[in-house]
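One structure is given here, and the rest of the page talks about it.
The values are calculated or read from the model by the stated rules, or taken from the named source; none is laboratory data. All values reported here derive from a predicted model rather than from experimental measurement. Note: ideal-geometry Cβ built from the backbone for every residue, glycine included; neighbour counts use all protein chains shown. Quick note on the areas: whole protein, heavy atoms, side chains included, nothing else; ligands and nucleic acids left out. Shrake-Rupley method; radii C 1.70, N 1.55, O 1.52, S 1.80 Å.
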Amino acid sequence: MSFFDDAIATVGRGLAQTAVQAVSDATGYNVGGTLNVLFGNGQTTGGETLANIQTDLPQNWTGPTEQLTVLENGITQQTQMISDLGIQLSAIAVAVDAISGEIQDLQEMMTKIGQAQLYQTWQTIDASITSYIAAVQTSYEAYGEYISTFSQIETSLVVELTTDILNTNNGPRVAVNAINTYILGGDQAKGVLQLWSEMVAGAVTAGLLDYRDAVNQYIAYYQKLVYTQLTATNLVMEAYTFLNEHEEAKTVWKRYRDVLLTQEDPFITWLVPLVAAGTALPQAAKRFYTFTNNLAALDLDPSLQRTSPGTKDINAYYEPSAIFKRAESLLANLYVTGPLDRRIVVHMLYSSVAEVSSLVSGVSLTLSSTDGETVVPAATATNLPQTYAYPTCIDYNISYGGAFLIKRFVFKADAISAALADDSYQITNINNTDGLISLQTYLSVTGGNAPAVFMNPNVLAYTLSVNDAEPFDFMNFVVYMIPISSAGSNQ
């Protein structure tokens, strides 16, 4: 787990806890309620209540001396933990600025491939976003400093900070909504992720950039945007909890999660072209595929993995795409933060050819648990809006030279829906139902292979699990595809 993945998960879990219970019921100090504990309820200087406990406890204690020692050591330890938390929060606020989302010499690359105008359009929007990020960082650094040096901070300064945080004209909530608007785009304006993806995919296709570098930078760029939204939400929840307005804090957390959901499909939608661009043949060797081309194809279509000799696809090995699992894991770290939250996400890739897409676009996929329970998606599955150009290096059994689409299924359990319990699951077999009959393909006609079923047996055998330790899982697969020995080959 990366630095930001860890920070996102930690802050998110703390805010989820603050949202579901009053701070006074908590057993420790969590982001979201720390200012209330240190400065709230009539304290004039940070930590007065804690200091009074340390002073009064020995005087009023009537129990065994050993127990008193344990309690005093515990209070000292908690005090140090609070200070360490503030230092950590300040460090995170500074470190987030290190992610620029801009690949080295990106402008030069864009000029070289004739995309300078696209770069300028993205940079203009990014500059606006940067101003919101800077404002949130300033508040977050002050928040971290107040916590780390709480015994030296007067409560009046915290009151000023919370007043600034709750300002509806330029407070952190404005940044959350503005970043969301820039990500989604609207009318004729493209979203900032779409602009970034379109210009960088061009550099990958031209052979100026490895698709894996592009993917890493894209995910890092989104991390920066959404981590700013998370920390901004953190500040607003701290302000409301400091004022003992706990219901408002819960409402802010719910709004944040609603915003996250609107950004998930755009994030995945514009990640795909970066991977697809990696399948393009190298400029310098138009006749030869490289390991990188094949790897990118496998990231899009795991069923391209080699089949077991003599058994066709029955015992073929399946493993989800590492790139898309990483991307969905980030989304889960942002959203699946409550103690009972669980999520499984499935990507289904299919051809845009009318005979196939008309069948698949309306398919309702379900999970089957080991207990025999059927789980449906938490909401209507999303057909991602983008039609992707068919990659150069991928199985062409269905749609050589055509295009493909992706359907994203999200199965989840949270405070609203408890449909996904701790268990092991498999994709429900829906071959030969609702028109999903086996199809003749290039290899079934000329290579002696069986017709392509809707879902390959290796995909149906793959197990997905969610539990307390692993609240998220993922798989992706392609429908109506026969896996072949190597990408771009009919051998």
Ignoring ligands, DNA and RNA, what percent of the 1.4 Å accessible area of the stretch 328-391 is carbon and sulfur? 52
Using a simple spin-label model with points 7 Å from Cα along the Cα→Cβ vector, what separation in nm is obtained for Thr463 and Asp187? 5.4
Determine, from the Cβ-Cβ distance of Glu319 and Ala354 and an R0 of 35 Å, the FRET efficiency 1/(1 + (r/R0)^6), rounded to the nearest 0.05. 0.65
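Starting from 0.36 nm per residue, how many nanometres of slack lie between Ala220 and Ala421 once their C-alpha separation is accounted for?
Contour length minus the Cα-Cα distance gives 69.2 nm.
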So, R0 is 25 Å and r is the distance between the beta-carbons of Thr149 and Asp105; what FRET efficiency does that work out to, to 0.05? 0.05
Take the alpha carbon atoms of the stretch 163-224, find their center, do the same for the stretch 245-281, and report the distance between the two centers in whole angstrom. 10
Along Cα→Cβ, 7 Å out, is where each label goes; now give me the distance between the ones at Leu243 and Asp371 in nm to one decimal. 4.3
Put Arg212, Arg342, Arg255 in order of accessible area, largest first, probe 1.4 Å, and you get Arg255, Arg212, Arg342
Roughly how much of Val376 is accessible, in Å² to the nearest 10, using a 1.4 Å probe? 90
Of the heavy-atom accessible surface of the stretch 192-288 (probe 1.4 angstrom), what whole percent is carbon and sulfur? 52
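How much length, in nm to one decimal, is gained on full extension between Ile113 and Glu160, taken as 0.36 nm per residue of separation minus their Cα-Cα distance?
Contour length minus the Cα-Cα distance gives 11.9 nm.
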Pairs beyond 22 Å (Cα-Cα), from Lys190/Lys224; Lys190/Lys254; Lys250/Lys412; Lys254/Lys412; Lys325/Lys412; Lys224/Lys325: Lys190/Lys254
Amide H to amide H, which residues 5 or more places from Asp473 or on other chains are under 5 Å from it, using H placed in the peptide plane? Arg343, Ile344, Val345
Largest-first ordering by accessible area, 1.4 Å probe, given options Arg343, Arg13, Arg173, Arg257: Arg13, Arg173, Arg257, Arg343
Which residues does the label zone of Gln440 cover in the stretch 354-370, counting backbone N under 18 Å from a point 7 Å along Cα→Cβ? 354-356
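If you stretched the chain out fully between Asp210 and Ser364, how much longer would it get, using 0.36 nm times the residue separation minus the C-alpha to C-alpha distance?
The span from Asp210 to Ser364 would gain 51.9 nm if fully extended.
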In nanometres, what is the gap between the two model label sites at Asn431 and Asn170, each 7 Å from Cα along Cα-to-Cβ? 6.3
For Asp258, the accessible surface traced by a 1.4 Å probe with all protein chains present amounts, in square angstrom to the nearest 10, to 70
